[in-house]
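Got a structure for you, questions after.
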Amino acid sequence: MYFALMPADGPPAIPARILPKLQGHNRAFWTGGADGQLLIAQCAGCALWVHPPAADCPDCGAALAARPVSGHGTVFTYTVNHQPFNPTVPIPYVIAIVELAEQVDLRIATNIVDCEPDSVYVGLPVEVRFERHDGDDDSFFVPVFAPRAGAPARGGELYPS
């Protein structure tokens, strides 16, 4: 499944982020969004999905390779931040752990976007979006998640398509 980049020219503005150093085992995760794909490491031996990216499978020791996932998941837990730790990031914003659909316990730390912070809840169905950030030598595509179209919102209404 392929997902679009978040619009760079419309509100809200994409906040500045601290970007990681790209290395062999994490490069696919941080750059896969260029093609609209969330790439997660999967074991060639036992098929375990592994995140954060690593060199070898923690279960069987076999090599890992980046593979596309559906980009669908559910909010496992979250918090709404009201503190202006970074002045370029508008508050409030949602920091969440999203469990991806491919495997129980396959979780990613992320932000929930495109909704009001008080509308987020544990179990909210979400899908990936990508924020493009240009680093010194590379472009990064940071995965963030938004409520899935048609997902139940608080109060019984549905998120728009």
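The values are calculated or read from the model by the stated rules, or taken from the named source; none is laboratory data. From a predicted model like this one, the values you see are computed outputs, not experimental measurements. As a convention, Cβ positions derive from the backbone with ideal geometry for all residues, glycine included, and neighbour counts pool all protein chains shown.
Answer yes if at least one residue in the range 34-54 is closer than 19 Å to P147 by Cβ, out of contact with any helix residue (DSSP H, G or I) (no Cβ under 9 Å at 6 or more places or on another chain), small (G, A, S) and without any contact (Cβ under 8 Å) to a residue 40 or more places away in the chain, and no otherwise.
Within the range 34-54, none of the residues are closer than 19 Å to P147 by Cβ, out of contact with any helix residue (DSSP H, G or I) (no Cβ under 9 Å at 6 or more places or on another chain), small (G, A, S) and without any contact (Cβ under 8 Å) to a residue 40 or more places away in the chain.
Restricting the range 36-55 to residues that are part of a loop (DSSP other than H, G, I, E, B) and among the small types (G, A, S), which is surrounded by the most Cβ atoms within 10 Å (Cβ to Cβ)?
Checked the range 36-55; the qualifying residue surrounded by the most Cβ atoms within 10 Å (Cβ to Cβ) is G36.
Which residue out of F130, F141, F85 is among the aromatic types (F, W, Y) and either more than 22 Å from L22 (Cβ to Cβ) or surrounded by fewer than 19 Cβ atoms within 10 Å (Cβ to Cβ) (or both)?
It is F85.
Further question on the same structure: State yes or no: is L19 more than 22 Å from R154 (Cβ to Cβ), surrounded by 13 or more Cβ atoms within 10 Å (Cβ to Cβ), at pLDDT 95 or above and among the hydrophobic types (A, V, I, L, M, F, W, C)?
Answer is no for this residue.
Here's something else I'd like to know. Are there any strands (runs of 3 or more DSSP E) wholly within the range 68-161 with 2 or more residues that are touching a residue at least 60 places away in the same chain (Cβ under 8 Å) and not aromatic (F, W, Y), and if so which?
72-81, 125-134, 139-147
When A101 is evaluated against the numbered criteria (1) surrounded by 13 or more Cβ atoms within 10 Å (Cβ to Cβ); (2) over 24 Å from T31 (Cβ atoms), which criterion, by number, is the only one it fails?
Status for A101: all satisfied but (2).
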